[in-house]
Each structure stands twice: as structure tokens, then as C-alpha cells.
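J.: Got a structure for you, questions after.
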Amino acid sequence: MTATAPEDTHLAPLHEPMSATPHGPSLTLSACGGYAARLATVEAGWYAERWTLDGPEPYAVPLPGSQPEDPGTEVLPLSDGRVLIARRSAGSYLLSLLYPTGPDTGELSLGSVGCPWMTLLPPAPDGVRAYGLVVEGETTTVWLVCGGGRGPQPVLRVPGRCQGGAWLDRSGRLLALNRTDSGGRTRAVTVDVATGGEAAVLLQIGERSNDRLLLADPDSGLLLVASDAPGKERIGWGVLGSHRPVRFPEALCPDGIAVHPLAVQPAQVLTPESCGVALRLMGPEGDWPAVWRPEQRDLQHFPAPPGWLPDGSRWTAGGDLLLPFVERGAPCGVLRLPVDVPPPAPGPDRYRGRRSAPTGQRSGVTGV
């Protein structure tokens, strides 16, 4: 997801969903990273589009339905290449799986969820299941909307209004949500989607603080959080299951710059301090990517490719950062950015305003 920073802060407001477009993230990745999906637009209107990213060259396949999609439609790619689509219609959401069938689009109806508003959660780690959040009054219901074998079904209810969503384990059982209670306080909680049960508090940094989870990495246990415990809302980091306090480095709070975490380097088992974290920085000059590691004091800054789609940014196991983009002549492009690991910088934390030149390779072709 992306965020627009309000005045005098480095994050979106605690109780507002973060979205740069009417239809959610600009590009959503599958759990395996091999596919992505988004709503694209032509003169005739919006339509679903699937990107294939695990081959030698990325390519896009349009998946138009029988009529243009509503801008509020959400799409989510599965690891088998199908795309889950949630269409809002007359007080409910109609769920289907889209897939290419030669020149046409195949569609498998999954059923519907009767609710005024639903948000799809990030894909479950198994790449098959998909969940949605439905907030009604002061209660949030987690729905299994795909992969259950029996159509959409509610799996648990959580007191409070929840948003966000991050998986804390590779089995796809422990889900973290940012819950706002009836008193207006927001805290991250965990739920077990397999067994249900009561939500357990994940973050409580201060006695009266608002504490959100922004990003979680199941391999290393690294957590990126937002909290107003320091006096104003700032980004900090901690480790799942650790007794050490959350730390709020100055590098993640640059003056006049809004910061939003995008992705954590995978396969860094039990080494959270060395994990690379891709960030989206937003300032007067525009948006650009940066990389930070807990063991470093400074950020590494890189120019964004034209038409950058921040939400689809991801790391490879080898440590390259992949930045998807759309521009004239490259409607499905990916910039591969090798990110060297510099030694931790001595001296006080500081923000370096100059950005380094990219050394990445660009690729992109049009799919049919």
C-alpha cells in the first residue's frame, strides 16, 4: 500500500486506510512473487491486468471482463497465475477468478459477500488462500474468500475496527491486524485464522500509545511499526518475540520527507539487523525508493524509474531490488537494482538528501 503524508507527520493518519488510488495498491504481488495484478485503464475504462514476473522478461496479459470494471474493484494474484477479483455491487462483493483463455478471459465465480465495504488482505503465504476484511460498526469479520473449497465464508470476528494486514508465519495461520477500539486507540493484534479465538495484542509500546504494524518478515522476524509513543508518530523497528524495545532511528524520520515501508529482503533467517528494507520516500521533489538496514545509520537513495509502481517492489533471494514501472514503450517494465551492503556509517544519524545513480537493468515487453 502507499501513503500520502499529512502536514507535520511522516505517515498517513493512524485511523485512515493508506491508498494512492481509488482501487487500492497500484500493483499487488502474489505470495510467490511470480505474478502481479493491477487495474489498468484504457479509453473504454478499467480492466484487470496480470503481470508474469518469473520468466526471462516480464509481460502483461489484459483480463477484461464483459464490461469495464468499477474503480473500486480490487484484484489479487494467486500463485497459480489466476487473479482474484472483488467487484462491489448493490451492497455486496462478487468474487471471481480470472484467467487467460487464448484471446478471451475465463471467469470462475466463487460467490459473494454481503457487506457495504470489504478490503482484500495480502495473499496468504501458501499462494492459494485469500482473505478479506469486513468492518461493520465496532466489529471486524475476517472472511476466507478464496481457497476454502466451499465459497466465501467467515472464519473469525474481532472486536474493533481493523485494517492493514500482515502474515507473521510461513504457514499462513498468524495474521496481524491494526485494530482501533471503541475509545479510538489503535494497536496491532494477532489472530489465528485456522482456529479463531480471541485476538492477542502484538504491539503495546506505551501505556496510551497508538501502535501500528506496517511490515513483517516471517524469515527474520523483523517488524516495521508506527507509533506515537516517542511523542509524535514515527517509524521504528523491532523483532518478533524479542524482549528488546522497539527502536526509532533518525534515518526513518527525515525532515520533510514521508516514509512508507514497501518490502523486506527475504531468506534472512534470524538475521533481522542485516535485512534490507525497501522504502518509498515522498517529498517536495517527488517519490523515490530507498533502502535501509537496521545495522546502518543512513539510507541508500535511488532515483525511481519513470512510471514506478511502488506497491509491487520486491526483493530477490540474491539481494536485488526489483522496481516495476509503466511508461510509453514499456507497459510492463521492471528495473533490477543491485543493492550493495555498505558498512555501517560512523557518526550521528543523518538524512542524506542526494540520491545515488541507479545501476540496474531495465526490462519490459508487451504481453498478448
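The values are calculated or read from the model by the stated rules, or taken from the named source; none is laboratory data. Every value quoted in this text rests on a predicted model; they were computed, and no experiment measured them. Here the Cβ positions follow ideal geometry from the backbone for every residue, glycine too, while neighbour counts run over all protein chains shown. Heads up: the accessible areas ignore ligands, DNA and RNA and are worked out on the full protein's heavy atoms, side chains in. Shrake-Rupley method; radii C 1.70, N 1.55, O 1.52, S 1.80 Å.
J.: Taking the mean number of other Cβ atoms within 10 Å as a proxy for protection, how do you rank 267-274, 212-219, 284-291 from highest to lowest? Mind dumping the intermediate values first?
T.: Details: 267-274: 14.8, 212-219: 21.8, 284-291: 16.4.
Per-residue Cβ counts within 10 Å, averaged per peptide and sorted highest first, yield 212-219, 284-291, 267-274.
J.: Oh, and also: Could you derive backbone 3J(HN,Hα) for the stretch 125-138 from the dihedral phi with the Karplus parameters 6.51, -1.76 and 1.60 (θ = phi - 60°), listing whole Hz in sequence and x where the residue is Gly or Pro?
T.: Values, residue by residue: x, 6, x, 10, 7, 9, 10, x, 9, 10, 9, 9, x, 9 Hz.
J.: Pick from V191, V326, V264: which residue has the top mean-square fluctuation in a GNM of the chain where Cα pairs under 10 Å get a spring?
T.: Of V191, V326, V264, the most mobile in the Gaussian network model is V326.
J.: Compare P58, P125, P103 in a GNM of the chain, Cα atoms joined below 10 Å, and give the one with the largest fluctuation.
T.: Result: P103 has the largest fluctuation of those listed.
J.: Return the inverse of the average 1/r over all pairs of distinct C-alpha atoms in the stretch 209-271, which is the Kirkwood hydrodynamic radius, in Å to one decimal.
T.: On the way: mean 1/r = 0.0810 Å⁻¹.
Taking every pair of different Cα atoms in the stretch 209-271, averaging 1/r and inverting gives 12.3 Å.
J.: Heavy atoms only, probe 1.4 Å: what % of the accessible area of the chain goes to carbon and sulfur, would you let me know? All intermediate terms of the calculation are to be shown ahead of the outcome.
T.: Working: 8360 of 16340 Å².
Its accessible area is 51 percent carbon and sulfur atoms.
J.: Diagonalise the Cα gyration tensor of the chain and give the resulting equivalent ellipsoid semi-axes, square root of 5 times each eigenvalue, largest first, whole Å.
T.: Details: eigenvalues 188, 144, 65 Å².
They are 31, 27, 18 Å, listed largest first.
J.: Now a separate question. With a 1.4 Å probe and all protein chains left in place, how much accessible area per residue does the stretch 173-247 have, in Å²? Present the calculation step by step, with values, prior to reporting the outcome.
T.: Details: 3300 Å² over 75 residues.
Per residue, the stretch 173-247 has an accessible area of 44 Å².
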